[in-house]
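Computed from the coordinates by the stated procedures, all read-outs in this text should not be read as laboratory data. On a predicted model such as this, the values are computed, not experimentally measured, just so you know. Methodologically, a virtual Cβ is constructed for each residue, glycine included, from the backbone with ideal geometry; neighbour enumeration extends over all protein chains shown.
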C-alpha cells in the first residue's frame, strides 16, 4: 500500500482541495494520523475517483 504524501501542511493541502473541488466539506477532509484509508474512502465516495487517482491529485497539490 502506497503511503499518502503531500508537501506543506495538511491545512494548506485541504484548502487547495476545497478550492479545486468546491463541494468538499471539512468533515470530508478530516485527516487523522494512521487513518489515510478512511480519508481516501470518503474522498472516493464524494469525488468518484479511485484511491490511486486521489493519491496522485493530493501529491500534485
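Checking each residue of the stretch 24-36 against the condition of being under 11 Å from the mean Cα position of the chain (by Cα) and part of a helix (DSSP H, G or I) gives at least one match. The set of residues from the stretch 17-34 being surrounded by 10 or more Cβ atoms within 10 Å (Cβ to Cβ) and in contact with a helix residue (DSSP H, G or I) (Cβ under 9 Å, 6 or more places away or on another chain) comprises 17, 20, 21, 24, 25, 28, 29, 30, 31.
Of all residues in the stretch 38-51, those satisfying the criterion of being assigned to a helix (DSSP H, G or I) and surrounded by 11 or more Cβ atoms within 10 Å (Cβ to Cβ) are 38, 39, 40, 41, 42, 43, 44, 46, 47, 51.
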